[in-house]
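K.L.:
The structure's right below; bear with me while I get my questions together.
Read-outs: derived from the displayed coordinates by stated rules, not from any lab. Computed from a predicted structure; not experimentally measured. Positions of Cβ are backbone-derived with ideal geometry, glycine not excepted, and every protein chain shown enters the neighbour counts.
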């Protein structure tokens, strides 16, 4: 049975990329296993970047080897350039995530290249992916459009700039699109408007959302995107994460809070919230000096809460 909403866990990549504490590879493997046990079926496991930039991912190949061995998992990895894509493809990663910025200034700050250069790099990655696909292993290519709802350097981003960036990414060969609120500047009205427009533009092409909770609007923005028709969202256990090149940016939506909201709304995620809270406790042990965020871990689920799938079963039983 397919879940109503896909929640993609990004703590092992986005969550760890700004943390100085180097998590041992064995702990990352257990972290990944606990994600799978909780029912998370798509996980962004690492970034294939040079160690000098982010030492945290120097064991990317080891973590990838562990991830691709699980048949129940779609393992995704961030690939910022052609060399990173080659490393990910060599490791057998089934989903590559590339970044294109909605603004010129953030592209320069985050990727050290222009938007046109990023799109050219994307075309090269698509070509490389297609070469590997001829050997029977076609990786999915998702393009994340960063600062889609506001840029820390340019401020408001015009809707037309977001839509044209998405169109260029699709023309270059993207299979999926994800809009990222990198700087946490999005609001529900803008989120709803842009996603509705894009869903009309894209038809049935997969569209996802990546919200940061910098200004406390993360979960509200999920609700707005749901209302527009989006059914795939990124989140991070304990709200870990943040973009190192976005001044003042904080972490993602806490996965446990997102799962609670979706399940309480009757949307099946396939994720076990109790197991998720056990994962959070494990992460807290791995990162004792790193603050974790979120509400459900502090106060618990309310009395009478049931998962969406269980509630649906009870309704079916009642009709018999």
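K.L.:
If we sort 3-15, 303-315 on the protection proxy, mean other Cβ atoms within 10 Å, highest first, what's the order? Kindly include the intermediate steps, with their values, before the conclusion.
P.N.:
Details: 3-15: 24.2, 303-315: 13.0.
Listed from highest to lowest mean packing, they are 3-15, 303-315.
K.L.:
Right, next: In terms of the Cα gyration tensor, with a ≥ b ≥ c the square roots of its eigenvalues, is the range 161-320 rounded because a/c is under 1.5, prolate because a/b exceeds b/c, or oblate? Working shown, then result.
P.N.:
Details: a/c = 2.18, a/b = 1.20, b/c = 1.81.
Cα axes put the range 161-320 in the oblate bin.
K.L.:
To make sure I understand, if each residue's beta carbon is the centre and we count other beta carbons within 10 Å, what order do 316, 35 fall in, fewest to most? The partial results should precede the final answer.
P.N.:
Details: 316 9, 35 26.
Going from sparsest to densest Cβ surroundings: 316, 35.
K.L.:
For every helix of n ≥ 4 consecutive DSSP H residues, a contribution of -39,500 (n - 2.57) applies; sum these over the chain, divide by its total residues, and give [θ] at 222 nm rounded to the nearest 500 deg cm²/dmol. Write down the numbers at each step before the final one.
P.N.:
On the way: 12 runs with 138 residues, N = 320.
After summing the helix terms and dividing by the residues of the chain, the value is -13000 deg cm²/dmol.
K.L.:
Only counting other Cβ atoms within 10 Å, I'd like 256, 90 sorted with the fewest neighbours first. Please list the in-between numbers first.
P.N.:
On the way: 256 25, 90 12.
By the 10 Å Cβ count, ascending: 90, 256.
K.L.:
While we're looking at this one, here's another question. What is the distance in Å between the Cα centres of the range 182-214 and the range 13-66?
P.N.:
Taking the Cα centre of each part, the range 182-214 and the range 13-66 sit 26 Å apart.
K.L.:
If you take every DSSP beta bridge fully contained in the range 178-310, what fraction is antiparallel? Give it as a percent rounded to 5. Spell out each step's value before the answer.
P.N.:
On the way: 1 of 8 bridges.
For the range 178-310, the DSSP antiparallel bridge percentage is about 10.
K.L.:
Between rounded, prolate and oblate, where does the chain land on the alpha carbon gyration tensor, with a ≥ b ≥ c its root eigenvalues, rounded for a/c under 1.5, else prolate if a/b exceeds b/c?
P.N.:
rounded
K.L.:
Could you order the peptides 172-179, 139-146, 293-300, 20-27 from most to least packed, using the average number of other C-beta atoms within 10 Å per residue? Don't skip to the end; give the middle numbers.
P.N.:
On the way: 172-179: 21.2, 139-146: 23.0, 293-300: 15.1, 20-27: 12.5.
Taking the mean over residues of other Cβ atoms within 10 Å, the ranking is 139-146, 172-179, 293-300, 20-27.
K.L.:
Fully extended, how many nm does the chain gain between residue 265 and residue 117 (0.36 nm per residue separation, minus their Cα-Cα distance)? Working shown, then result.
P.N.:
Working: separation 148, 0.36 × 148 = 53.28 nm, distance 4.23 nm.
Gain on extension, residue 265 to residue 117, equals 49.1 nm.
K.L.:
Going by the alpha-carbon gyration tensor, a ≥ b ≥ c the square roots of its eigenvalues, is the range 192-275 rounded (a/c under 1.5) or, if a/c is not under 1.5, prolate (a/b greater than b/c) versus oblate?
P.N.:
Details: a/c = 2.01, a/b = 1.12, b/c = 1.79.
Verdict is oblate for the range 192-275.
K.L.:
Just subtract the alpha-carbon distance of residue 137 and residue 153 from 0.36 nm times their residue separation and send over the number in nm, one decimal. Provide the component values of the computation, followed by the final result.
P.N.:
Values: separation 16, 0.36 × 16 = 5.76 nm, distance 3.92 nm.
Gain on stretching residue 137 to residue 153: 1.8 nm.
K.L.:
Moving to a separate point now. What FRET efficiency comes out for residue 187 versus residue 26 if R0 is 51 angstrom and r is the Cβ-Cβ distance? Round to the nearest 0.05.
P.N.:
Numbers: r = 41 Å, r/R0 = 0.81.
After rounding, the FRET efficiency stands at 0.80.
K.L.:
Using a 10 Å cut-off around each Cβ, can you sort 195, 233 from fewest to most neighbouring Cβ atoms?
P.N.:
On the way: 195 22, 233 25.
Fewest-to-most ranking of 195, 233: 195, 233.
K.L.:
Of the DSSP beta bridges with both residues in the chain, give the percent that are antiparallel, rounding to the nearest 5.
P.N.:
Working: 2 of 34 bridges.
Taking every DSSP beta bridge within the chain, about 5 percent pair in antiparallel fashion.
K.L.:
Here is a follow-up. Springs between alpha-carbon pairs under 10 angstrom, Gaussian network model over the chain: which of 52, 115, 28 fluctuates most?
P.N.:
Highest fluctuation among the options: 52.
K.L.:
Also, quick follow-up: Which FRET efficiency, nearest 0.05, do residue 71 and residue 205 yield, Cβ-Cβ r, R0 30 Å?
P.N.:
Values: r = 26 Å, r/R0 = 0.87.
Here the calculated transfer efficiency is 0.70.
K.L.:
Roughly what % antiparallel, to the nearest 5, for the DSSP beta bridges in the range 93-241? Intermediate results must be reported in sequence, preceding the final value.
P.N.:
Details: 1 of 19 bridges.
Within the range 93-241, antiparallel bridges account for around 5 percent of the total.
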